[in-house]
Amino acid sequence: MRAIEITQPGGPEVLQLCERPRPSLLPGQVLIKVHAAGINRPDLLQRIGKYPVPEGASDLPGLEVAGEIVAGHVGDSGWHIGDKVCALVQGGGYAQYCPAQVELCLPIPEGWSMLEAASLPETFFTVWSNVFDRAALAPTETLLVQGGTSGIGVTAIQLAKAFGHRVFATAGSDEKCRACEELGADLAVNYRTGDFAAAVKDATRGKGVDVILDMVGGDYVPRELSCLADDGRLVFIALLGGARAEVPLGQILLRRLSVTGSTLRPRPVAFKAAIARQLREKVWPLIEDGLIKPVIYKSYPLEQAAEAHALMETSAHIGKVMLEVG
């Protein structure tokens, strides 16, 4: 099969087209003939050597795919050989064939293309597990999404709005702020020219937001804590702005704030399978009702994975960057 491998840690140019044997399957896995794969920030971190591959996972990048089940152990899962699915995978998505745990397969939403469906798993699993599970965003509560035009951001905005929440977002340009608002954000703040903490406090009449989904860390942390409501929760899923911060611990004590975070890839299959069930039950109906739409900025053929990574590193995109595989 054709695949993209990381020849050595480095820039986008280290991604090279190669020939690999079709992957063998472990119990509980199915083989997906990949039509499309999503590109995510962890892929870029893996490429530069800063995101270790879990034991037993493929060394090929790629954490989400859509395609057709062509072999494997479907058991009593309800899936059959020939079914078209999208799936969260531990790696190996940048290839013509990819193994996936059968429990982590989800149906292609009605009316969605394979390319569109491949944009779903990584961001939806991440947003659901962090915003709705870990941070327990409750009815009537508000959400602030840092980086609202990233793949995670467009998912978080749409998903929270579909459940009726008031949503705020940050982005790096006025154009991106408009895109966030078109996706449903009640307010989007250009973090290069505005003070998001002050804007959020003003928009909530001084209360602050209940949950913040953050990919930045670093010097954002004190400002984020300042614009959390009492009993608010700050959730980290990445640290693009740095892993160290000066934290006003007194605010955490006085206002009962919670700071937490998680990464998805190393978690056990059972944890991810529980998320898959929740997504299918609670989110897929919203997608099929048209309340959540795909946001794909650009797609590239598999052999141009390096160009796709280079685009993503510019942060010019709004939504997902994708690979067309088959």
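The values are calculated or read from the model by the stated rules, or taken from the named source; none is laboratory data. Remember, it's a predicted structure, so these values are computed and weren't measured experimentally. Here the Cβ positions follow ideal geometry from the backbone for every residue, glycine too, while neighbour counts run over all protein chains shown. Calculation scope for accessible area: heavy atoms of the full protein, side chains included, ligands and nucleic acids excluded. Shrake-Rupley method; radii C 1.70, N 1.55, O 1.52, S 1.80 Å.
Quick notes on this one:
- Here residue 136 passes the criteria (1) among the aliphatic types (A, V, I, L, M); (2) within 12 Å of the chain's Cα centre (by Cα); (3) on the phi > 0 side of the Ramachandran plot except the one numbered (2).
- Of the residues making up segment 50-65, just one is open to solvent by less than 10 Å² (accessible area, probe 1.4 Å) and charged (D, E, K, R), namely 64.
- Contact annotation: residue pairs with Cβ atoms under 7 Å, 6 or more positions apart or on different chains, pairing a residue in segment 3-17 that is closer than 9 Å to residue 305 by Cα with a partner that is surrounded by 13 or more Cβ atoms within 10 Å (Cβ to Cβ) and acidic (Asp, Glu), are 16/5; 17/303.
- When segment 255-274 is filtered for residues that are over 24 Å from residue 46 (Cα atoms) and either at pLDDT below 95 or open to solvent by less than 50 Å² (accessible area, probe 1.4 Å) (or both), the ones remaining, listed by number, are 255, 257, 274.
- Residues in segment 286-297 that are of a type in the set (A, V, I, L, M, F, W, C), part of a helix (DSSP H, G or I) and farther than 30 Å from residue 307 by Cβ: 286 alone.
- Close contacts from segment 132-144, counting a first residue that is closer than 24 Å to residue 195 by Cα and among the polar types (S, T, N, Q) and a second that is open to solvent by less than 20 Å² (accessible area, probe 1.4 Å) and not in a loop (DSSP other than H, G, I, E, B), with Cβ to Cβ under 6 Å and a gap of 6+ residues or different chains, come to 142/209; 142/210.
- Index of the failed condition, residue 152 passing every other in (1) under 26 Å from residue 195 (Cβ atoms); (2) β-branched (Val, Ile, Thr); (3) open to solvent by less than 10 Å² (accessible area, probe 1.4 Å): (3)
- Any hit, segment 306-315, residues being of a type in the set (Asp, Glu), open to solvent by 50 Å² or more (accessible area, probe 1.4 Å), in a helix (DSSP H, G or I) and farther than 29 Å from residue 16 by Cβ: no
- Positions within segment 42-75 being assigned to a strand (DSSP E or B) and either within 17 Å of residue 267 (Cβ to Cβ) or within 18 Å of the chain's Cα centre (by Cα) (or both), in sequence order: 64, 65, 66
- Restricting 211, 221, 283 to those that are touching a helix residue (DSSP H, G or I) at 6+ places or on another chain (Cβ under 7 Å), in a helix (DSSP H, G or I) and crowded, with 18+ Cβ neighbours inside 10 Å reduces the list to 283.
- In segment 83-105, the residues that are open to solvent by 30 Å² or more (accessible area, probe 1.4 Å) and in a loop (DSSP other than H, G, I, E, B): 83, 90, 96
- Residue 77 vs. criteria surrounded by fewer than 22 Cβ atoms within 10 Å (Cβ to Cβ), small (Gly, Ala, Ser), over 28 Å from residue 211 (Cβ atoms) and modelled with pLDDT of 95 or more: no
- Filtered residue count, segment 111-149, keeping only those that are open to solvent by 20 Å² or more (accessible area, probe 1.4 Å), closer than 17 Å to residue 40 by Cβ and touching a Pro at 6+ places or on another chain (Cβ under 7 Å): 1
- Cβ-Cβ contacts under 8 Å between residues 6 or more apart (or on different chains), taken from a first residue in segment 300-315 that is touching a residue at least 40 places away in the same chain (Cβ under 8 Å) to a second residue that is in a helix (DSSP H, G or I) and of a type in the set (Lys, Arg), are listed as 309/47; 312/41.
- Identity of the residue in segment 224-247, part of a strand (DSSP E or B) and closer than 21 Å to residue 129 by Cβ, that ends up most open to solvent (accessible area, probe 1.4 Å): 231
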